[in-house]
Amino acid sequence: MDDSSGYTPPAIWTWNKDNGGRFSNINRPTAGATHEKALPVGRHPLQLYSLATPNGVKVTVMLEELLALGHAGAEYDAWLVRINEGEQFASGFVAVNPNSKIPALLDRSGPTPVRVFESGAILLYLAEKFGAFVPTGPEQRAECLSWLFWQMGSAPFLGGGFGHFYAYAPARIEYAIDRYAMEVKRQLDVLDRRLAESPFLAGDDYTIADMAVWPWYGTLVKGQLYDAGEFLQVQAYANVLRWTDEIARRPAVKRGRMVNRTWGQPGSQLHERHDAGDFETRTQDKLDPRP
């Protein structure tokens, strides 16, 4: 391979704080807390600490869908974690998620609080806790979980790969963008072929697999992620677009995508959610919450 960059990796890698791109202020090669701060706790059984990135939206959509089905035990407080300000490195947050990534869930419904971290794990935990949105038949369950874990393995190529090098890196590197653009388009083709033969990813029914994939790939094909719709020619994936629009029309999805959102139109934002009535009241962080 021709290496025209002139870069030779050193024998031992050392951290350059100024070479991290847009998120260099929060990226570091070590784990653990950087400061002491306890997490707030509300009155509901489920305490969510998150931000409305695609990974955060998965969980708020799931919780709103559970409430829409009548599962009162799914009532939750959603606390805003400002990751650009490093709030995910506070001691209280690290105690719930040692990986310091949103979302993180604390289930206080039993005698001992249960922590759950990683968005896919949270979706599966809630699905099993409430007996909803995950099939019980062996074949259907296997299909659902396969697509759930497909998303967990694939999205890093979309976010940390394509998204970083296309939108956030301090310099645009042709090889990196080409490599990850090719992989993202392959992933979209995988989804499009599946959704050509099935209304939802696991089959005829809407499941946690759809809730996991939609916030990433649904926003991508609508041109709402990394401003890359035209670059990736996303309009070619007609089946993904059909599926995306169908899910976006669900009332619980409309509510879930508002929670912990701090950007966009004021009416699309609900910085924190502590009661179902928060979607109806007028507050400083959402001027018109109605869909």
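The numbers here are math on the coordinates, done by the rules we state, and not lab data. What you see is a predicted model, and the numbers here were worked out from it, not measured in a lab. Here Cβ is always computed from backbone atoms with ideal geometry, including for glycine, and neighbour counts include all displayed protein chains.
Listed values, structure above:
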quantity	calculated
Neighbour cut-off at most 10 other Cβ (10 Å), DSSP loop, trypsin sites (Lys or Arg not before Pro), the range 160-240	172
Span-like helix ranges in the chain, DSSP H, alpha carbon extent 27 angstrom or more, Kyte mean at least -0.5	138-156
Difference of contour (0.36 nm per residue) and Cα-Cα distance, residue 173 to residue 238	20.4 nm
Sorted by Cβ neighbour density within 10 Å, fewest at the top, the residues 214, 79	79, 214
Rg(Cα) / (2.2 N^0.38 Å) computed for the range 138-254, rounded to two decimals	1.06
Relative contact order of the range 91-213, pairs being alpha-carbon contacts under 8 Å that are 6 or more residues apart, as %	23
Relative contact order (percent, whole number), the chain, Cα cutoff 8 Å, 6+ residue spacing	20
Straight-distance crosslink candidates among lysines, where the alpha carbon sits under 19 Å from residue 101 and sequence neighbours closer than 8 are dropped	37, 58
Gain on full stretching of the segment that runs from residue 30 to residue 8 - 0.36 nm per residue minus C-alpha separation	5.5 nm
Karplus-derived 3J(HN,Hα), 6.51/-1.76/1.60, for each residue of the range 217-227, Hz, glycine and proline x	7, x, 5, 5, 6, 8, x, 9, 10, 6, 6
Karplus 3J(HN,Hα) series, Hz, for the range 254-266 with 6.51 cos²θ - 1.76 cosθ + 1.60 (x for Gly, Pro)	4, 6, x, 6, 7, 5, 6, 8, 10, 9, x, 4, x
Most mobile of 103, 215, 111 in a GNM of the chain (Cα contacts under 10 Å)	111
Under the Debye formula (equal points on every Cα, no solvent term), log10 I(q)/I(0) of the chain at q = 0.09, 0.12, 0.15 Å⁻¹	-0.46, -0.83, -1.27
Label-point gap, in nm, between residue 197 and residue 136 - each point 7 angstrom along Cα→Cβ	2.8
For the range 270-278, Karplus couplings with θ = phi - 60° (6.51, -1.76, 1.60), whole Hz, Gly/Pro x	9, 4, 9, 10, 10, 6, 4, x, 4
Rel. contact order, % - alpha carbon contacts under 8 angstrom, at least six apart, the range 144-291	16
